[in-house]
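**Q** Please read through the structure below; I'll follow up with questions.
The values are calculated or read from the model by the stated rules, or taken from the named source; none is laboratory data. Small disclaimer: the values here were computed from a predicted structure and weren't measured. Here the Cβ positions follow ideal geometry from the backbone for every residue, glycine too, while neighbour counts run over all protein chains shown.
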Amino acid sequence: MTTLGGIDRALRSAKPATAVSPSRRRESGFSYLEVLIATALIAVSLVPALEALSTGGHDLQAVHAEDHYYLAAKLEEVLAQPFGYLDEAASAAASPAVPSSYSDSVTLADGRVLTRQVYLSRYDGDNADGNNNAFDGTDEGLLWVRVEIEESGLGMERLISVYEY
């Protein structure tokens, strides 16, 4: 038998392929059971952590919702007053930065005290004097009303007119 460049000799000396032993197979990666146990441990440890985070967020949302309710209620209470009374309170306050006599405090069921500041001022709606100051009070019959909860950043504003339609 003729061979080309010793290929026949190389084929005869080549060892037959052997199967990978079972012990070698285990060393090559994680078993299904190991992955399953690791996943279960992660899931069990994450549940309490996520519950702790979500509880804090719901409490904060409930507090802001309750504060918003008391803020809106006070604004509606003030807007229900006759325009003449509000105009007198705005004149008595003398500045849009000074809380009016309609300001009050409310104690909530959870013990928190909300101080609702009510600001009233005559409003310069047409800027006829040209000074770009909306609170110089040249327009009669137009009032600016702001209700805010002290130290919370929550507030609502509204312009009202003696000529409500």
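**Q** Within the stretch 143-165, which residues are over 17 Å from Ala94 (Cβ atoms), aliphatic (A, V, I, L, M) and assigned to a strand (DSSP E or B)? Walk me through it before giving the result.
**A** First, the residues of the stretch 143-165 that are over 17 Å from Ala94 (Cβ atoms): 147-165.
Filter again for aliphatic (A, V, I, L, M), leaving 147, 149, 154, 156, 159-160, 162.
Of everything in the stretch 143-165, those that are over 17 Å from Ala94 (Cβ atoms), aliphatic (A, V, I, L, M) and assigned to a strand (DSSP E or B) turn out to be Val147, Ile149, Met156, Leu159, Ile160.
**Q** Mind counting the residues in the stretch 68-117 that are within 31 Å of the chain's Cα centre (by Cα), among the polar types (S, T, N, Q) and closer than 21 Å to Glu140 by Cβ?
**A** Adding up the residues that qualify gives 1.
**Q** Moving to a separate point now. Give Val113, Val106, Val98 a once-over and let me know the one that is in contact with a Lys or Arg (Cβ under 7 Å, 6 or more places away or on another chain), modelled with pLDDT under 95 and β-branched (Val, Ile, Thr). Can you show your working first?
**A** Details: Val113 fails: in contact with a Lys or Arg (Cβ under 7 Å, 6 or more places away or on another chain); Val98 fails: in contact with a Lys or Arg (Cβ under 7 Å, 6 or more places away or on another chain).
After applying the criteria, what remains is Val106.
**Q** OK, next. Being among the charged types (D, E, K, R) and under 33 Å from the mean Cα position of the chain (by Cα) is the filter here; which residues of the stretch 118-156 pass it?
**A** The initial filter retains those residues of the stretch 118-156 that are among the charged types (D, E, K, R), namely 122, 124, 126, 129, 136, 139-140, 146, 148, 150-151.
Residues satisfying the conditions are Arg146, Glu148, Glu150, Glu151.
**Q** Let me ask you something else. Whether any residue in the stretch 46-54 is of a type in the set (Ser, Thr, Tyr), at pLDDT below 95, surrounded by 14 or more Cβ atoms within 10 Å (Cβ to Cβ) and within 34 Å of the chain's Cα centre (by Cα) is what I want to check.
**A** Here is the first cut: in the stretch 46-54, the residues of a type in the set (Ser, Thr, Tyr) are 54.
Adding the requirement that they be at pLDDT below 95 leaves 54.
Going one step further and asking which of them are surrounded by 14 or more Cβ atoms within 10 Å (Cβ to Cβ), we end up with none.
No, there is no match, as no residue in the stretch 46-54 is of a type in the set (Ser, Thr, Tyr), at pLDDT below 95, surrounded by 14 or more Cβ atoms within 10 Å (Cβ to Cβ) and within 34 Å of the chain's Cα centre (by Cα).
**Q** When you check Asp136 against the structure, is it touching a Gly at 6+ places or on another chain (Cβ under 7 Å) and either part of a strand (DSSP E or B) or charged (D, E, K, R) (or both), yes or no? Full working, then the answer.
**A** Details: touching a Gly at 6+ places or on another chain (Cβ under 7 Å): no; either part of a strand (DSSP E or B) or charged (D, E, K, R) (or both): yes.
Against the criterion (touching a Gly at 6+ places or on another chain (Cβ under 7 Å) and either part of a strand (DSSP E or B) or charged (D, E, K, R) (or both)), Asp136 does not qualify.
**Q** Next question. Condition test on Arg146, is it closer than 23 Å to Ala65 by Cβ and either surrounded by 11 or more Cβ atoms within 10 Å (Cβ to Cβ) or of a type in the set (Ser, Thr, Tyr) (or both)? Even if it seems obvious, please write down each step before you answer.
**A** Values: closer than 23 Å to Ala65 by Cβ: yes; either surrounded by 11 or more Cβ atoms within 10 Å (Cβ to Cβ) or of a type in the set (Ser, Thr, Tyr) (or both): yes.
It is true that Arg146 is closer than 23 Å to Ala65 by Cβ and either surrounded by 11 or more Cβ atoms within 10 Å (Cβ to Cβ) or of a type in the set (Ser, Thr, Tyr) (or both).
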